[in-house]
Amino acid sequence: MNDRDAAIRGLYRMLRVCDLAGRLWNSVQWPDIPKPLQPGISILIPERANPALLSACLANVNAACREVAEPCEVIVVASGSPPSLYSDLVQRHTGVRWIFSEAPLWFGGAIQLGLRAARHDWVYLLNNDMLLDPGALAALLPWRAPHVFGIASQIYFQDSERRREETGWTICREIDGMVEILDEVADDDVTVRGTFYAGGGASLFRRELLARLAQNCSIYAPFYWEDVEWGACAWRLGYESLYCPTSKAWHGHRQTNRRFFSEPEIDRILRRNRLIFHLRNGRCPESLEQLRELLRQSDGDSLAEILRMRSIFKIAFGRLRNRSRWFRAIPLDSTWQRSYGSSLAVYAHDSDVFACRNQSPSGT
């Protein structure tokens, strides 16, 4: 037996043990009842060595904040660059709270640092290559509710000729034995709908719950699929994620990531993290051969990264944690099929949403 085969066997055993232990742990837990949250939002922007891009982003954020009749704060987490690179922006945007890190932080690290500094109960995560519509933030606020985890803005590409691969309205399905996430185009630009997850590039989140769910997601570094796991875990806990199409943002697709990674490498990381998400959250392979079949879909570099001992333990810990969260009030398919009128109050109350039955599903 070679080292790779031994690692695959070890991963398989740990996945099976984590499913069993998760079910046992789940039987003695109940979901938290959310506490009332206060008005106000924090806008959190991760930034990496691109002050020109950030300048345009901040100008639009300031315009959007002026439309909000609640306290707002803007936090920029700038990492991997000296503060002097931002001296002009600091002078022009005196109301922004700046957090500088000499060490480069990728998405997850920057988000966690910013969440610890945020003052308000709701946090809007915004990529530095996003441009907000003036009404984007105000449109989201009426949809906050005790049972809501995240509210996604509608996303357009800044390049209007590009096919809309990213919209903000997401669904989940299984293809060839692995979880797949798709962004769909809704049939109107008004109706607020459920969504499988709210993306981390332009969405409003319940801060305390996000801070909990964002822990122990370093295996997804440098980027992609962390926010999918947040949404999946929140759903298991009985929370909803929503898509609000009247809140609009325009995305300069991959403008930040392309400064540090080639397109092929970005695509490789995306595929690798999809597999990691499946191993931590999806249907457990029923046999060692089925796991091998899943892993055969990976390239050599990704497989080597996944089968490192540290990665295997992170996958196992994530699966154990996520398998113990089975308090879902909403069937999976309904997460993106529900639609709403003018208020969530007529659809759900705390006692309805959190009177969840213990369930033990086999997959996501």
Those residues of region 302-312 that are in a helix (DSSP H, G or I) and surrounded by 14 or more Cβ atoms within 10 Å (Cβ to Cβ) come to a total of 6
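Condition check ((1) at pLDDT 95 or above; (2) on the phi > 0 side of the Ramachandran plot) across all residues:
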position	(1), (2)
Asp133	yes, no
Ala139	yes, no
Pro146	no, no
Gly150	yes, no
Tyr156	yes, no
Glu161	no, no
Gly168	yes, yes
Cys172	no, no
Ile175	no, no
Listed by first then second residue, the pairs whose first member lies in region 259-288 and is surrounded by fewer than 17 Cβ atoms within 10 Å (Cβ to Cβ), whose partner is aromatic (Phe, Trp, Tyr) and outside any helix (DSSP H, G or I), with beta carbons under 8 Å and at least 6 positions apart or on separate chains, are Leu270/Tyr224; Leu270/Trp225
The number of residues in region 319-333 that are in a helix (DSSP H, G or I) and either over 17 Å from Ile8 (Cα atoms) or at pLDDT 95 or above (or both) is 6
Just one listed residue, out of Ala118, Ala198, Ala211, is buried (at least 24 other Cβ atoms within 10 Å of the Cβ) and either under 12 Å from the mean Cα position of the chain (by Cα) or under 24 Å from Arg66 (Cβ atoms) (or both), and it is Ala198
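Hey, can you tell me all the residues within region 289-301 that are in a helix (DSSP H, G or I), free of Cβ contacts under 8 Å to residues at least 40 places away in the same chain and either of a type in the set (Lys, Arg) or over 28 Å from Arg254 (Cβ atoms) (or both)?
Of all residues in region 289-301, those in a helix (DSSP H, G or I) come to 289-295, 300-301.
Now narrow it down to the ones that are free of Cβ contacts under 8 Å to residues at least 40 places away in the same chain: 289, 300-301.
Matches in region 289-301: Glu289 only.
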Restricting region 128-152 to residues that are of a type in the set (A, V, I, L, M, F, W, C) and not in a strand (DSSP E or B), the one surrounded by the most Cβ atoms within 10 Å (Cβ to Cβ) turns out to be Ala136
Counting only residues in region 12-47 that are at pLDDT 95 or above and among the hydrophobic types (A, V, I, L, M, F, W, C), the one farthest from Gly108 (Cα to Cα) is identified as Ile41
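From the list Asn60, Asn50, which one is at pLDDT 95 or above and of a type in the set (S, T, N, Q)?
Working: Asn50 fails: at pLDDT 95 or above.
Being at pLDDT 95 or above and of a type in the set (S, T, N, Q) holds for just one of Asn60, Asn50, which is Asn60.
Can you work out which of the residues in region 201-227 that are part of a helix (DSSP H, G or I) and among the aliphatic types (A, V, I, L, M) is farthest from Tyr239 (Cα to Cα)? Steps first, please.
Initial filter on region 201-227 (part of a helix (DSSP H, G or I)): 207-213, 218-220, 226-227.
Adding the requirement that they be among the aliphatic types (A, V, I, L, M) leaves 209-211, 213, 219.
Details: Leu209: 10, Leu210: 12, Ala211: 15, Leu213: 12, Ile219: 24 Å.
Going through the qualifying residues, I end up with Ile219.
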From the option list Arg173, Arg164, Arg193, single residue qualifying as in contact with a strand residue (DSSP E or B) (Cβ under 6 Å, 6 or more places away or on another chain), surrounded by fewer than 24 Cβ atoms within 10 Å (Cβ to Cβ) and closer than 22 Å to Leu132 by Cα is Arg193
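The values are calculated or read from the model by the stated rules, or taken from the named source; none is laboratory data. These numbers come from a predicted model, not from an experiment. Quick reminder, even Gly has a Cβ in these numbers, built from the backbone with ideal geometry, and neighbours come from all protein chains shown.
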